[in-house]
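One structure is given below, represented as structure tokens, and several questions about it will come after.
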Amino acid sequence: MRRKRIFRWPIIFTAMTLLTALFIVGCGGAAEEAAPSQPASAPAAAQQEAPTEAPAPQQQEQPAAAATAAPPPATSAPTRPSFVGTTPVAQPEPTAETTASAGELKTKDLVFLFSQQTRQGVMDCDVTGSATSQHRPSHEFLIDANRYNGSLEPQLATDWSVSEDGRTWNFKLREGVNFHFGYGEFTAHDVVNSLNYYTNPVCGASYSDYFRTNPQALPEVISDHEINIVMGARPELIFDYWISGYRGLPMTSKAQWDTGCPNGSAEYESFAEVPHLEGYCSAGEPTLLEEGPARLGPYQFAEFEKGIGWVWERAPGEHYRVDPDWDTIEIKIIEEASTRLAAMLAREAHVATIDRALVGEALDAGLDLAPSQVVAVNSMMVFGGMYYATKEGPEFAPYSAASYDPTVPWAAPGDTGKMVRMAMNKAIDRDSIRENIFDGQGAEGRVAGLIPSAEAFGGEYAGYNPEWEESWEELYGFDPERAKELLTEAGYPNGFNVPIISYTMSGLPEMKDYVVAIAAMWENIGLTTEIREMEFSQWRQEYRGATTTCCIYPFRGYAEPPHPTIHFAYSPERFMRFYVSDTVWQNTYNALNSLNFEEQLGHWHAATDELFYEVASIPLHTLSVQVVIDPEVVEEYIYLGPYGGQFTDLEHIKGVRY
């Protein structure tokens, strides 16, 4: 790995007014975004009245936990859901990109301090969704999210549309965009190659299996600058969301990959698990590791050292959508919050993630705060081993009904397990955690992974049910004495042992702190806790392997609508499996195969009702994410918050000019 230089050393927005921003399905115009004032039109498929469903699956057995068996009728729904609920910021939204000021920057090399990342690497398959911020300065996607309000906007695709059956997405591609390191112009063939690489069965990226299996994205090149992506397994009305910067299919150069295959496609590696894809030149990976992946963003790869960080250098020439201020952006990994703060106070860095409890010290020292534009993350604890679904078969592997252990207290069948989960929730003083760990910020969650507001994400499409408030205190509200009674009623008067996994995820540097606080609260009702610290990447293998029965663990979810949350976190065929049951799966299946958003809404409500009333998880708080900035160096950092590792749009950070 080449390295050009040696690394130098080993506000509060809690009152949220939510509004809606509709996604663009067919769009064009300038690539550099302004803060939009009008929503875009809905896609044709989204406006259909009559629902269309795929053939029903085989009849399923009832789940171990009681559940809503059939979806309630939807009362109202937008024709096209929005996927982010926006919050006002302290300053007015600009109407266009700020014009560069006159004068010289104090430095041309920006230093950004991150907390420990979940996975680190150079290749796109080396990192998870929460760690993609490592690569964001170099990435371009077909579609991106507007950094002010989250609406979809053109990036490498100038226009896109979906067929009436929800199966075929067409993308018109931007011409004249060149890859880093001289690897030529971006074309549809690079999209195909990037998809083949990103969906290979050994790829460790978070959303690889979405594109690979369900809905199964199959590329069809129409011309060098037009491509169809066909859904092989089912309709997908929000594929533009999934392929955008929210989740993303990263683009790398086919020509760079092909340096390892002088005889062309005959030397490509293919995989029996994905016979529908043509493979890619895996032998080209050494070239990408040596040079850095050739991408299309305003910055190109310069250096990487695991445990230390990355350096991105401004790509030569004029970029088609942005003229960044910085010659280099250096991302450094520093796990300890106090060390990151000390570096900022010493003016050795310019942007940093800092625990909320330490922000006051930073502000007192003349630093400033840059919060995300919208509510961005959910904090939670997850009950391991909530494997109630009776699903079997290769599409669910490694999950099977045998994954379930009914002797685990919180996963016990029926009322016994539910009473234990209620007790563990009612032992938690959420107000204390918010005041003492989150510095008074945030709002209480209701279902882990969902924003607790009927106004977010285009109204009722949030999956939130206002009737939950009537049962919140009974099921989840802080009451240690009632928690002890529930344990006794469940058959555990003397408590039981609770192993708790502890690590940190991006956007929530306080994660280990709230784990310690919750452990003490559980001790207070008679449980015995054991905190096991480990790297997130290690625990990730456990939840992907459906082997979390041992423990309870923290997690951080993006602020998002129910479609990605339920499908990825609460479905047996997906890798997170926070709580899986046959009825949640059935409602998910029905929603994903419907071509009517109102009908989808009914199924999502049925699923989220089950999660709430069965006390499926431990919801904590929804929060914006924030960074501390040095106002003598950084004039402005505006970023959306709930996607791509939270800290995106580094190329738009504006420097102070003197």
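The values are calculated or read from the model by the stated rules, or taken from the named source; none is laboratory data. Being a predicted model, the structure only gives us computed values, none of them experimental. Because the Cβ atoms are built from the backbone with ideal geometry, glycine has one as well, and the counts that use them run over all protein chains shown. The accessibility values were calculated without ligands, DNA or RNA, using every heavy atom of the protein model including side chains. Shrake-Rupley method; radii C 1.70, N 1.55, O 1.52, S 1.80 Å.
Taking the condition modelled with pLDDT under 95, outside any strand (DSSP E or B), touching a strand residue (DSSP E or B) at 6+ places or on another chain (Cβ under 8 Å) and open to solvent by 10 Å² or more (accessible area, probe 1.4 Å), does N149 pass?
Yes: the conditions hold for N149.
Any residue at all in segment 236-252 that is at pLDDT 95 or above and not in a loop (DSSP other than H, G, I, E, B)?
Within segment 236-252, none of the residues are at pLDDT 95 or above and not in a loop (DSSP other than H, G, I, E, B).
In segment 183-215, which residue that is open to solvent by 10 Å² or more (accessible area, probe 1.4 Å) and farther than 29 Å from A315 by Cα is nearest to the chain's Cα centre (by Cα)?
Once the filter is applied, the top-ranked residue is D209.
So, one more: If you go through segment 533-545 one residue at a time, do you hit one that is buried (at least 21 other Cβ atoms within 10 Å of the Cβ), in contact with a helix residue (DSSP H, G or I) (Cβ under 8 Å, 6 or more places away or on another chain) and of a type outside the set (V, I, T)?
No, the conditions are met nowhere in segment 533-545.
Could you grab me the full set of residues in segment 607-626 that are in a helix (DSSP H, G or I) and within 21 Å of the chain's Cα centre (by Cα)?
A607, T608, L611, listed by residue number.
For segment 468-527, enumerate the residues that are charged (D, E, K, R), open to solvent by 20 Å² or more (accessible area, probe 1.4 Å) and either touching a helix residue (DSSP H, G or I) at 6+ places or on another chain (Cβ under 7 Å) or over 18 Å from N378 (Cα atoms) (or both).
The answer is E469, E470, E473, E474, D479, E481, R482, K484, E485, E489, E523.
All but one of (1) surrounded by fewer than 21 Cβ atoms within 10 Å (Cβ to Cβ); (2) within 30 Å of A559 (Cα to Cα); (3) among the polar types (S, T, N, Q) hold for T252; which doesn't?
Evaluating T252 over (1) surrounded by fewer than 21 Cβ atoms within 10 Å (Cβ to Cβ); (2) within 30 Å of A559 (Cα to Cα); (3) among the polar types (S, T, N, Q) leaves (1) as the failure.
Is it the case that segment 553-562 has a residue that's open to solvent by 10 Å² or more (accessible area, probe 1.4 Å) and over 17 Å from the mean Cα position of the chain (by Cα)?
No: zero hits.
Another question, if that's okay. Having 3 or more residues that are open to solvent by 10 Å² or more (accessible area, probe 1.4 Å) and over 15 Å from P137 (Cβ atoms) is the bar; report the strands (runs of 3 or more DSSP E) wholly within segment 266-375 that clear it.
Filter on segment 266-375 gives 368-371.
When segment 628-653 is examined, which residues are found to be among the charged types (D, E, K, R), open to solvent by 10 Å² or more (accessible area, probe 1.4 Å) and under 18 Å from E348 (Cα atoms)?
Passing the criteria: E632, E635.
Hey, among the residues in segment 154-173 that are out of contact with any Asp or Glu (no Cβ under 6 Å at 6 or more places or on another chain) and under 11 Å from M251 (Cβ atoms), which one's surrounded by the fewest Cβ atoms within 10 Å (Cβ to Cβ)?
Per the criteria, the residue is L173.
Quick check on my filter: what residues within segment 256-291 are among the hydrophobic types (A, V, I, L, M, F, W, C) and in contact with a helix residue (DSSP H, G or I) (Cβ under 8 Å, 6 or more places away or on another chain)?
If the condition is that a residue be among the hydrophobic types (A, V, I, L, M, F, W, C) and in contact with a helix residue (DSSP H, G or I) (Cβ under 8 Å, 6 or more places away or on another chain), then W257, C261, V274, L277, C281, A283, L288 are the ones that fit.
Turning to a different aspect of this structure: Would you check which residues across segment 362-388 are at negative phi and small (G, A, S) and list them?
A362, A365, A370, S372, A376, S379, G384
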